[in-house]
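Note sheet for the following structure.
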Amino acid sequence: DQSVQAVAAVALAAAAVRAKKLADQESAELEALFSEAVNAKLKALDFKLQHFDTLESHLKLEKDRLDRQRHQLFADRLSFCLKKEPGIPAPPSTLRPVTDNFKRVNDGPVGPLEYNQAAHLKNASNVQSRADPSKAATPAPRAPP
């Protein structure tokens, strides 16, 4: 009886050792597969981040281009409107940042420019009075377009 129990105990111990070894191997395989899956996800995220960085740089370039076009359109419209007014010299074709006639809007470092018509009319009347003193009267300011 004892020999049978000893043989059974040895067989059970051997089976336990083998089961532990197989469990450790399976655990190592699962860890390796999990590590591969995480690395694949990280590579995919890295690729997406690179793609978004590229898109962001393209969008910034497009925004800058549209801002320049918007400012040019404003200058063209302003020039067109002021050409309709007789006696008022037209401003230059491009806007210069922060002069007597222009002021920043929203206190931004690079914000849109707003035309200060009163300053422009004052400058225009000064130009007229120097050119022809009989036309020194300052025209009344009109609403911006």
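The values are calculated or read from the model by the stated rules, or taken from the named source; none is laboratory data. Remember, predicted model here, so these are calculated numbers, not experimental data. These accessible areas exclude ligands, DNA and RNA; they are computed on the full protein's heavy atoms, side chains included. Shrake-Rupley method; radii C 1.70, N 1.55, O 1.52, S 1.80 Å.
The candidates VAL17, VAL38, arranged from most to least accessible area with a 1.4 Å probe in the full protein assembly, appear as VAL17, VAL38.
Taking only alpha carbon atoms, region 45-87 gives an Rg to Rh ratio of 1.45, where Rh is the Kirkwood radius.
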